[in-house]
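Before any comments, here is the structure.
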Amino acid sequence: MLFPALNNRHADKRRPYIEPELRRVRRRPYIDLSVGQAILARHMNIYVELTREFNQGELRAVLSSGQAVVLHKLAVMSKDGDWILEESVEALEHILGVLGNHSAGYRFGAPLDVRWMKGGWSSHFEFREKLLRVRTDFVTRPPRLSPADLRVMWQEQGQCDVPVVSVRHLVELKKTNREKDYAVIGELARLLKSPEDELMSSRSARDLIQCGLEHPDYVNMLVTKRPVLKVIQEGELNLEKALDAERRELMHKNEERLSRYIKSAEDWAAIWPDVACAVADLPLKEAHKVVVSRAEGVLPFEPAG
């Protein structure tokens, strides 16, 4: 997500959180545990159902980030849904229509409009699904995926019932400034089949040393792309130190990227509480028009720098 959370007094008045519901289930042992299980199952299924609705008739959305980790069977659940969208007016209008059918509302972020999506901004919505608060986040140009990566992604997912970003691309998406994502990357790397992908992604010194011993030619070929591979021959301890330094460098790089967006969104953040109040009771189609009109001239289409 590209935007920081805001304390918005107008938000969430009609949208209860799932977490309190689950806590209530835990506190009251006389409640059938199937209630909590049903909530959890519904929480997992809603994002799959939304993906199918987004792609009705043609491919427009690929499930990403935390829900992709779930579908690759490395997590039980993720709180939010993230999608990479086709960058077209038709695709974004269809997504807005689906969200409108669910009575979704905008959260702080960029309008779901091609002009902002081309600049790498993200759009955020939420709605209530019975006991659940469903949060949805969208980008068309995700960080660290090149245009060539995106072309491959759309080709790979064209015939999938539930399009989900590949493990290889998910590794790149998870190179954030959050510590926990690097543990996820480490587990994702173990799902990769090719030595090249493993050497470019693994977070385990032992795995890298073993792979390097088995495929020295790949190490020589890839060392310019991933300098940490130079340290494979120096032993496990030195390689672990190099991996830690690499992780910190990746985290700082993402922090710098985010800071450009946060700085560029300061004026938009300042007026967002008033915008949120103005659209709180409007259907999404009408709210979208208001959000777009208020964002024009305030939120730049591309971040500074």
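Just to be sure I understand, how many residues within the range 137-157 are open to solvent by less than 40 Å² (accessible area, probe 1.4 Å) and not charged (D, E, K, R)?
Residues flagged as open to solvent by less than 40 Å² (accessible area, probe 1.4 Å) and not charged (D, E, K, R) within the range 137-157 amount to 9.
Can you name the residue in the range 285-299 that is in contact (Cβ under 8 Å) with a residue 60 or more places away in the chain and open to solvent by less than 70 Å² (accessible area, probe 1.4 Å) and, of all such residues, is nearest to residue 114 (Cα to Cα)?
This residue is 292.
Mind telling me which of the residues 201, 166 ends up being over 17 Å from residue 79 (Cβ atoms) and open to solvent by less than 20 Å² (accessible area, probe 1.4 Å)?
201
Starting from the range 255-284, keep only residues that are open to solvent by less than 80 Å² (accessible area, probe 1.4 Å), then list their pairs with residues that are among the β-branched types (Val, Ile, Thr) and outside any helix (DSSP H, G or I) whose Cβ atoms are within a distance under 7 Å, requiring at least 6 positions of separation or different chains.
268/298; 271/298
Residue pairs, Cβ under 8 Å, 6 or more apart or interchain, first in the range 166-180 and touching a residue at least 24 places away in the same chain (Cβ under 8 Å) and hydrophobic (A, V, I, L, M, F, W, C), second outside any helix (DSSP H, G or I) and surrounded by fewer than 18 Cβ atoms within 10 Å (Cβ to Cβ). List them.
Between residues of the range 166-180 that are touching a residue at least 24 places away in the same chain (Cβ under 8 Å) and hydrophobic (A, V, I, L, M, F, W, C) and residues that are outside any helix (DSSP H, G or I) and surrounded by fewer than 18 Cβ atoms within 10 Å (Cβ to Cβ), the close pairs are 167/72; 167/191; 170/72; 173/143; 173/144.
Scan the range 129-146 for residues that are in a strand (DSSP E or B) and of a type in the set (S, T, N, Q) and jot them down.
136
Inside the range 77-102, can you point out the residues that are without any contact (Cβ under 8 Å) to a residue 12 or more places away in the chain and not in a helix (DSSP H, G or I)?
none
Inside the range 65-107, can you point out the residues that are of a type in the set (A, V, I, L, M), loosely packed, with under 14 Cβ neighbours inside 10 Å and modelled with pLDDT of 90 or more?
Passing the criteria: only 89.
Taking the criterion of being over 24 Å from residue 48 (Cα atoms) and not in a helix (DSSP H, G or I), would at least one residue in the range 151-171 satisfy it?
Checked the range 151-171: no residue is over 24 Å from residue 48 (Cα atoms) and not in a helix (DSSP H, G or I).
Among the charged types (D, E, K, R), open to solvent by 90 Å² or more (accessible area, probe 1.4 Å) and either outside any helix (DSSP H, G or I) or free of Cβ contacts under 8 Å to residues at least 60 places away in the same chain (or both): is that true of residue 302 in this structure?
Yes, satisfied.
Answer yes or no as to whether residue 162 is modelled with pLDDT of 95 or more and out of contact with any His (no Cβ under 9 Å at 6 or more places or on another chain).
no
Considering 134, 114, 62, which residue is in contact with an Asp or Glu (Cβ under 7 Å, 6 or more places away or on another chain), touching a residue at least 24 places away in the same chain (Cβ under 8 Å), open to solvent by less than 10 Å² (accessible area, probe 1.4 Å) and β-branched (Val, Ile, Thr)?
134
Do we find that residue 190 is open to solvent by 20 Å² or more (accessible area, probe 1.4 Å), within 30 Å of residue 298 (Cα to Cα) and of a type in the set (D, E, K, R) in this structure?
no
The values are calculated or read from the model by the stated rules, or taken from the named source; none is laboratory data. It should be emphasised that the depicted structure is a prediction, and the values quoted were computed from it without experimental measurement. Because the Cβ atoms are built from the backbone with ideal geometry, glycine has one as well, and the counts that use them run over all protein chains shown. For the accessible areas, the whole protein counts, side chains as well, though only heavy atoms, and no ligand, DNA or RNA atoms are used. Shrake-Rupley method; radii C 1.70, N 1.55, O 1.52, S 1.80 Å.
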